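What follows is a set of notes on a single structure, which appears directly below.
The values are calculated or read from the model by the stated rules, or taken from the named source; none is laboratory data. Here the structure is a predicted model, which means the values were calculated and not measured. Cβ atoms come from the backbone with ideal geometry, glycine included; neighbour counts cover every protein chain shown. The accessibility values were calculated without ligands, DNA or RNA, using every heavy atom of the protein model including side chains. Shrake-Rupley method; radii C 1.70, N 1.55, O 1.52, S 1.80 Å.
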Amino acid sequence: MTDRYAVIGYPLGHTISPAFQQAAFDHLGLDAIYEAIETPPADLSRRISELRSGRLSGMNVTIPHKNEIVASLDHITDTARLTGAVNTVTATDGGLKGDNTDVAAIEEVLRRSNVPTGIDCLLLGAGGAARAALLALSRRGDNLTVANRTLSNAEQIVRNLAPDSGFKTIGLDSPSLTAIARDTRLILNTTSIGMHGGPAPDRSPLPAAALHADQTVFDIVYRPTTTPLLAAASSAGAECLGGLEMLILQGAHSFQIWTGREPPFDIMLAAGRRALEAS
Ligand code: ATR
């Protein structure tokens, strides 16, 4: 019987997950369909029933369900519990299991690019993606400053996720941010500044003076592939990492959890890139 998988969210907009997940199933010759199912909050319980009845084998979960879905699951991994967010659900014999593969994806992006561990990092943002990034960076042994528009949100994620770390926090509009950014080896943006369709698509969260050639700048925004932050980082000679690879890696980890098979990363990346260019 054909296994069915889906990405659920609301609004789903144009998601490229079906393109790269289906490419992985097809490449390995697995009898499976991966589709986008727009799911308003009132329909979340329907998706849960479909998982429990076997009509769905697994799901990727995106806004606004990442937190809400936790209450409907039987088990969640430690990583999902710490981030408070589930992006991967698997129907197993023992019930519905939730995982968060963003953390592993961020670690893997940095490992693939040979970004050294134990370095000074500036994390921009304090939302859901920032929680995953904070966990990933602290697992690498990095030393963090978290900068956010709303300072109290930055303070809260440090207090919740890394209370004894000594990680610092700062407002995104603080005059000292530029100097702090210049002193860091890695800058990781998780805010929606620079995102197509977001609140400030033409802006960078940092001024150009904050960037230089001895840094890595990782923007998890993938639409556009070159955000204003990455354009400025590239002009400054910094190493630039875009969000597409992370998006594919979080999906590849989901694929591995569902199928137990090694995900064909290059195939998935190529399919994701084509879908992004076409959208
Ligand atoms: P995600 O789950 O993708 O991380 P989120 O939880 O909504 O999304 O978080 C969005 C992040 O972008 C937050 O850090 C938010 O800052 P606040 O905590 O101050 O809200 C940041 N953000 C969103 N719009 C912004 C803007 N116009 N200027 C600065 N920061 C912004």
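Key figures
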{"item": "Matching entry among Ala129, Ala80 (being open to solvent by 20 Å² or more (accessible area, probe 1.4 Å), among the small types (Gly, Ala, Ser) and either within 16 Å of the ligand (Cβ to nearest atom) or out of contact with any strand residue (DSSP E or B) (no Cβ under 9 Å at 6 or more places or on another chain) (or both))", "result": "Ala129"}
{"item": "Looking only at segment 156-176, and only at residues there that are within 13 Å of the ligand (Cβ to nearest atom) and open to solvent by 60 Å² or more (accessible area, probe 1.4 Å), the one that is nearest to Ala209 (Cα to Cα)", "result": "Asp173"}
{"item": "Lone qualifier among Gly84, Gly166 - being at pLDDT below 95 and either out of contact with any His (no Cβ under 6 Å at 6 or more places or on another chain) or among the acidic types (Asp, Glu) (or both)", "result": "Gly84"}
{"item": "Pick from segment 218-276, criterion part of a helix (DSSP H, G or I), in contact with a strand residue (DSSP E or B) (Cβ under 7 Å, 6 or more places away or on another chain) and hydroxyl-bearing (Ser, Thr, Tyr), ranking: surrounded by the most Cβ atoms within 10 Å (Cβ to Cβ)", "result": "Ser254"}
{"item": "Among (1) within 11 Å of the ligand (Cβ to nearest atom); (2) in contact with an Asp or Glu (Cβ under 9 Å, 6 or more places away or on another chain); (3) within 19 Å of Asp102 (Cβ to Cβ); (4) open to solvent by 30 Å² or more (accessible area, probe 1.4 Å) - the single one Asn153 does not satisfy", "result": "(2)"}
{"item": "Candidate set: segment 177-198, residues that are of a type in the set (A, V, I, L, M, F, W, C), open to solvent by 20 Å² or more (accessible area, probe 1.4 Å) and not in a loop (DSSP other than H, G, I, E, B); chosen: the one nearest to Pro11 (Cα to Cα)", "result": "Ile180"}
{"item": "Filter result for Asp78 (without any contact (Cβ under 8 Å) to a residue 12 or more places away in the chain and of a type in the set (D, E, K, R))", "result": "yes"}
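The rows are residues; the columns are (1) touching a Lys or Arg at 6+ places or on another chain (Cβ under 9 Å); (2) open to solvent by less than 30 Å² (accessible area, probe 1.4 Å); (3) more than 16 Å from the ligand (Cβ to nearest atom).
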{"site": "Asn67", "(1), (2), (3)": "no, no, no"}
{"site": "Asp74", "(1), (2), (3)": "yes, no, yes"}
{"site": "Asn87", "(1), (2), (3)": "yes, yes, no"}
{"site": "Thr92", "(1), (2), (3)": "no, no, yes"}
